[in-house]
1. Checking the condition farther than 30 Å from residue 52 by Cβ and touching a helix residue (DSSP H, G or I) at 6+ places or on another chain (Cβ under 8 Å), which residue from 167, 134, 111 passes?
2. Quick check: is even one residue across region 199-217 assigned to a helix (DSSP H, G or I) and either surrounded by 10 or more Cβ atoms within 10 Å (Cβ to Cβ) or free of Cβ contacts under 8 Å to residues at least 40 places away in the same chain (or both)?
3. Name the residue that is surrounded by the fewest Cβ atoms within 10 Å (Cβ to Cβ), counting only residues in region 70-87 that are touching a helix residue (DSSP H, G or I) at 6+ places or on another chain (Cβ under 7 Å) and at pLDDT 80 or above.
4. Among (1) in a helix (DSSP H, G or I); (2) within 30 Å of residue 166 (Cβ to Cβ); (3) touching a helix residue (DSSP H, G or I) at 6+ places or on another chain (Cβ under 9 Å), there is one condition residue 183 misses while meeting the rest; what is its number?
5. Select, from 166, 240, the only residue that is closer than 30 Å to residue 121 by Cα and at pLDDT below 80.
6. Within region 220-247, count every residue that is closer than 20 Å to residue 259 by Cβ, surrounded by 12 or more Cβ atoms within 10 Å (Cβ to Cβ) and within 34 Å of the chain's Cα centre (by Cα).
7. Here is a list of conditions, (1) more than 30 Å from residue 264 (Cβ to Cβ); (2) at pLDDT below 80; (3) under 25 Å from the mean Cα position of the chain (by Cα), and residue 185 meets all of them except one; can you say which number that is?
8. Can you say whether residue 135 is at pLDDT 90 or above and surrounded by 14 or more Cβ atoms within 10 Å (Cβ to Cβ), as far as the supplied structure shows?
């Protein structure tokens, strides 16, 4: 409903602006009309539709409509006081007034014209239509977003409609994303390394061991738990501290190329945030 309201407002404003820019000449002779056409135009004017919106309802241009009503007593309201604008203002205040059938007809016609102007028609297996229509007609196994993405990447329309989705296995990273994921990790690691380099002080103690590994065991919420392990997997220490530097005063740098491993930990000698977890470290 909101999309239809916004579409009708934009249509009303655009057509009103066009009417002002291209107003019918006064010297133009009025066009002949039947009694049925006169009654229909008069009905739309009495309901509160503007000139531009009435022209859309009738499917004609505003200049032609102006020549139709040139010799009659039909008067239209301004675009800012039309029924469409009143409905839009009522919607913005929280009420949901009923929509007229004329409004739905004009909106559908305007959307169809915009679709013909902006969207491209494709032909697949002898059937011509827009992509959503082709997806529905051929019962495509993938979504319309996937079909559009395939066509943009260079795939033919027939292949985009028939090739099934290639879902990766559970827990397996797709090959096309491995390089992108690794690039993101390197970018984040470089950003963190720059922050650590600016916050390191000479009085900080750095814990790093070439013989032992610092492995992250828990990294959820605001706390992180690490274990100092031997090459055989024996746990020597289990440490827990807050991830926020302002709260804990502890800096940690993740190792390059080893997910879940920390290169070193730095903290002040009198830091009370770094505590050893109570209990057996098995």
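1. 134
2. Checking region 199-217: at least one residue is assigned to a helix (DSSP H, G or I) and either surrounded by 10 or more Cβ atoms within 10 Å (Cβ to Cβ) or free of Cβ contacts under 8 Å to residues at least 40 places away in the same chain (or both).
3. Among those residues, the one meeting the criterion is 75.
4. Checking residue 183 against (1) in a helix (DSSP H, G or I); (2) within 30 Å of residue 166 (Cβ to Cβ); (3) touching a helix residue (DSSP H, G or I) at 6+ places or on another chain (Cβ under 9 Å), the one that fails is (3).
5. Only one candidate passes the filter, namely 166.
6. Qualifying residue count, region 220-247: 3.
7. (1)
8. yes
The values are calculated or read from the model by the stated rules, or taken from the named source; none is laboratory data. The structure presented is a predicted model; accordingly, all values stated were derived computationally and were not measured. Neighbour counts are summed over all protein chains in view; Cβ atoms, including those assigned to glycine, are modelled from backbone coordinates with ideal geometry.
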